[in-house]
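To keep things clear, I will list the structure first and then write my remarks on it.
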Amino acid sequence: MTHSLRQFSSVLMLMSVSVSAIAGTQVEASEWLERMASAMNKMSYQGTFVYSHGTSLETMRITHVVDEDGTRERLYSINGPQREVIRDKDGVRCVLGDDKAIMEDRVVTGAIFPEIPADILGGENGLYTFKKGGISRVAGELAQKVSITPVDEFRYGYEFWLEQFSGLLLKWVLYDSEHKPIANLMFTDLNLGSDIRLEELVSTTPSDEFTRLETGMPDSSLLSSNQPKWKPSKLPPGFKLATNSVQEKEGENVFEHQVYSDGLATVSVYIENRQPGKEVVQGVSKLGTANAFSRNIGSKQVTVIGEVPTVTVQSIGKAVKAPAKDR
């Protein structure tokens, strides 16, 4: 074999090894994220964590128990405004120190720990890359780092640190397209199994102070529909309609809620009647770790909100069109 042929063969071999290594780390990262999902759903754990977003810094305590009685969870703040959330078979009940928290705080409106859908872990949609990192210590435990990196500016990325043996999530960071942290959570102590104190599931707050968390849907019959009456003429790459519900009164579309998803990030679009005398600020606004965009179209108000970059809610909101009969 000539020298040039040997060089060419070496290059091909290195390229093959490199591609295999990239594929390997993608698969390994996905396997770790699958372990995380299983651990967060099936394991019992208890601990204290620090949650920060923007200028807010909160210390919270969580007890999550999975046993013959199902899944029970109690989450409460140690500092700042009083916040307490109880999730069990009876639903979600909360006590909040300020009303705005219902809208702004992911602690209440959704799971405090990110959920990664199984169908995105294969990495086949090309919207995110997965990478397994190194080992570090979090809350006194060895933790494996795994990252999810978006390929464009329309979605956020994550970095996770997972307990080395169980895959339990010990720390996460949410970051923007410039890799600037938006929010992060980190356990400072953690108990598992028999070390959990079940008495912490019992709230010391009087039951009449709790509010049952309800949806924002108006009271009336709700119709499910696969095809939105109002819809964006164009969506950011990878986003597709996941669910759509329409509320009608006397044949008029008075409320419509659409959810668009890329498999990981979700965006809600609300179309509702404008209320006389109530002015809504149009344009972009921030709600905790989420961004929102509002605009008026005739007698309707369109609001787009999601834990995605401003450009995403703005592009979807500006693309929403009225049905042909309403134009």
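The values are calculated or read from the model by the stated rules, or taken from the named source; none is laboratory data. Quick caveat: nothing in here was measured; it's all calculated off a predicted structure. Every residue, glycine among them, receives a Cβ derived from its backbone with ideal geometry; neighbour counts consider all protein chains shown.
Scanning region 132-158 for residues that are among the charged types (D, E, K, R), surrounded by 16 or more Cβ atoms within 10 Å (Cβ to Cβ) and not in a loop (DSSP other than H, G, I, E, B) yields K132, E141, K145.
Scanning region 132-158 for residues that are closer than 27 Å to S261 by Cα and of a type in the set (A, V, I, L, M, F, W, C) gives V146, I148, V151, F154. Filtered by the rule that a residue be surrounded by 16 or more Cβ atoms within 10 Å (Cβ to Cβ), aliphatic (A, V, I, L, M) and more than 20 Å from G54 (Cβ to Cβ), region 268-296 gives V269, I271. Restricting P228, P236 to those that are part of a loop (DSSP other than H, G, I, E, B), modelled with pLDDT of 90 or more and either at negative phi or surrounded by fewer than 18 Cβ atoms within 10 Å (Cβ to Cβ) (or both) reduces the list to P236.
Number of residues in region 159-206 that are part of a helix (DSSP H, G or I) and touching a Lys or Arg at 6+ places or on another chain (Cβ under 6 Å) equals 1. If the requirement is being among the charged types (D, E, K, R), within 24 Å of D189 (Cβ to Cβ), modelled with pLDDT under 90 and surrounded by fewer than 16 Cβ atoms within 10 Å (Cβ to Cβ), which of these qualifies: E115, E84? So the residue among E115, E84 that is among the charged types (D, E, K, R), within 24 Å of D189 (Cβ to Cβ), modelled with pLDDT under 90 and surrounded by fewer than 16 Cβ atoms within 10 Å (Cβ to Cβ) is E115.
Taking the criterion of being among the polar types (S, T, N, Q) and touching an Asp or Glu at 6+ places or on another chain (Cβ under 7 Å), the only residue of region 126-152 that qualifies is S147.
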